[in-house]
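Beneath this line is the structure, given in structure tokens, with notes to follow.
The values are calculated or read from the model by the stated rules, or taken from the named source; none is laboratory data. Note that the coordinates shown come from a computational prediction; the quantities given were computed from them, not determined experimentally. Glycine also receives a Cβ, built like all others from the backbone with ideal geometry; neighbour counts cover every protein chain displayed.
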Amino acid sequence: MEDTQTVLQEYGLTAQFIEPVSPLVWKVYTDYGVFALKKLKAARGKQFTDHMVAIEEKGFRSFVPIYRTNSGEFFSGVQSGNSYYLMPWLQFDQEEERDQKHDYLFRETARLHERTVQEMKVSRDDIERYYGQTKKQWEQDKRFYEQFVDRAEKEWYLSPFELQAATYFSETISAVNFALERMEDWYESAKEKGVSRVVMNHGSLSIHHFLYNDAGTGYLTNFERASVGPPQNDLLGFYTKLFRGLPRACPECVEWYDAYTKSFPLREAEASLFLSYMAYPAAMYKVLNRYQTGKRQHEKDECTHLLKAYWQMKNLEPFVTKIHENEQAKKFQAENESTS
């Protein structure tokens with residue numbers, strides 16, 4: 001509490017009441033209103049401020065503003081090894097339907113990408129190198145799983161984990177094959193164009209990082225992991241996290257993707273690469289690889305991890321299939337319009 005009071009003095013504020021929200025966030029009540037105080041590791045400070053300044057210079061304003069200290073700095077308390085920054089307190093619990101919140105989030109993310117987009121040339125050698133390395137790794141993963149199941153089935157007794165792995169084998173290999181096909185689509189498109197787009201990615205896209213003011217206007221917050229990269233990176237991070245956990249259906253997830261692409265259409269190569277990484281069952285291979293090493297956990301725990309990885313793969317399947325169908329329809333329509 002005393003450290004927080006010291007930090008607030010650098011803003012000319014005195015706290016009447018401080019409410020811990022999380023280990024890194026405090027809700028601070030003062031005579032001048034209610035604020036959010038956030039702790040950040042000092043090592044991230046410069047990159048964070050550089051990205052915030054760059055976003056603002058590009059004309060994107062839909063983010064929660066960062067107040068400067070009385071000395072004009074973005075952070076306070078740097079000498080303690082951690083940095084703190086201050087923002088107005090905005091609400092998360094806006095009364096709105098779930099799909100409306102996400103639709104708003106995806107449209108604002110598209111606007112962020114549209115404002116910060118840049119084109120860069122990519123050499124054919126770099127494209128071929130990336131394609132070759134990724135394809136080689138994924139094909140090795142396929143062989144690894146095949147060999148794992150072959151060895152297990154030769155045993156007179158399969159452990160619970162081995163039985164699970166053998167049960168999921170066919171579906172996992174199908175997912176890898178789909179991912180490889182989409183990677184091939186990306187390669188054919190990318191080598192022909194020779195250019196790539198990069199944007200400022202939020203880095204931790206989540207409905208919990210989209211806050212509302214009293215007028216109901218939404219703002220992105222928590223740009224601490226922001227970085228420059230392909231536009232599909234934000235989508236990959238969001239959907240990968242969303243589909244973890246129990247089996248679930250999410251037909252509205254396609255609508256959120258459509259809301260994004262209506263404002264910032266993905267190019268053919270970008271959509272193919274997005275689908276490739278979405279389909280690839282990375283979580284399955286992470287568990288399988290760990291089971292083969294000395295880092296293996298208890299058999300029951302490993303079975304639980306494998307089951308969750310399987311659920312994630314199956315949760316993603318209808319989403320990826322629908323997006324692929326929609327992208328193919330767009331491509332077919334564009335080809336017909338060009339020939340006519």
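Here are some notes:
- Among the residues of region 270-287, at least one is at pLDDT 95 or above, touching a strand residue (DSSP E or B) at 6+ places or on another chain (Cβ under 9 Å), in the same structural domain as residue 206 (by TED's automatic domain parsing) and at negative phi.
- Across region 176-201, the qualifying residues are those that are assigned to a strand (DSSP E or B) and among the aliphatic types (A, V, I, L, M), and the one among them that is farthest from the chain's Cα centre (by Cα) is 195.
- Listed by first and then second residue, the pairs with beta-carbon distance under 6 Å, at least 6 apart or on different chains, first residue in region 314-326 and crowded, with 19+ Cβ neighbours inside 10 Å, second outside any helix (DSSP H, G or I), are 315/243; 315/248; 316/243.
- Every residue from region 213-234 that is more than 22 Å from residue 53 (Cβ to Cβ) and among the acidic types (Asp, Glu): 214
- Hey, residue 239 among the aromatic types (Phe, Trp, Tyr), touching a Cys at 6+ places or on another chain (Cβ under 8 Å) and not in a loop (DSSP other than H, G, I, E, B) or not: yes
- Residue pairs whose Cβ atoms lie under 8 Å apart, separated by 6 or more positions or on different chains, with the first residue in region 213-226 and within 25 Å of residue 45 (Cα to Cα) and aliphatic (A, V, I, L, M) and the second at pLDDT below 90 and part of a loop (DSSP other than H, G, I, E, B), do not occur.
- Test for residue 296: is it over 25 Å from residue 238 (Cβ atoms) and in a helix (DSSP H, G or I): no
- Close Cβ contacts (under 6 Å, 6 or more residues apart or on different chains) running from residues in region 238-253 that are assigned by TED's automatic domain parsing to the domain that holds residue 109 to residues that are in a loop (DSSP other than H, G, I, E, B) and surrounded by 13 or more Cβ atoms within 10 Å (Cβ to Cβ) comprise 238/205.
- Some residue of region 145-157 being at pLDDT 95 or above, assigned by TED's automatic domain parsing to the domain that holds residue 302 and closer than 19 Å to residue 312 by Cα: yes
- Residues of region 255-264 that turn out to be part of a helix (DSSP H, G or I) and surrounded by 17 or more Cβ atoms within 10 Å (Cβ to Cβ), as a count: 5
- Take the conditions (1) touching a Ser or Thr at 6+ places or on another chain (Cβ under 7 Å); (2) crowded, with 18+ Cβ neighbours inside 10 Å; residue 187 misses just one of them, which is (1).
- The number of residues in region 210-227 that are surrounded by 15 or more Cβ atoms within 10 Å (Cβ to Cβ), of a type outside the set (Asp, Glu) and more than 12 Å from the chain's Cα centre (by Cα) comes to 9.
- Residue within region 128-137 that is at pLDDT 95 or above, more than 19 Å from residue 183 (Cα to Cα) and in a helix (DSSP H, G or I) present: no
- Restricting 118, 100, 147, 133 to residues that are within 30 Å of residue 63 (Cα to Cα), free of Cβ contacts under 8 Å to residues at least 40 places away in the same chain and not basic (Lys, Arg) narrows the list to 100.
- Within region 1-23, residues that are within 13 Å of residue 89 (Cβ to Cβ) have Cβ atoms under 7 Å from residues that are part of a loop (DSSP other than H, G, I, E, B) and not small (Gly, Ala, Ser) in these pairs: 13/32; 18/1, counting only partners at least 6 apart in sequence or on another chain.
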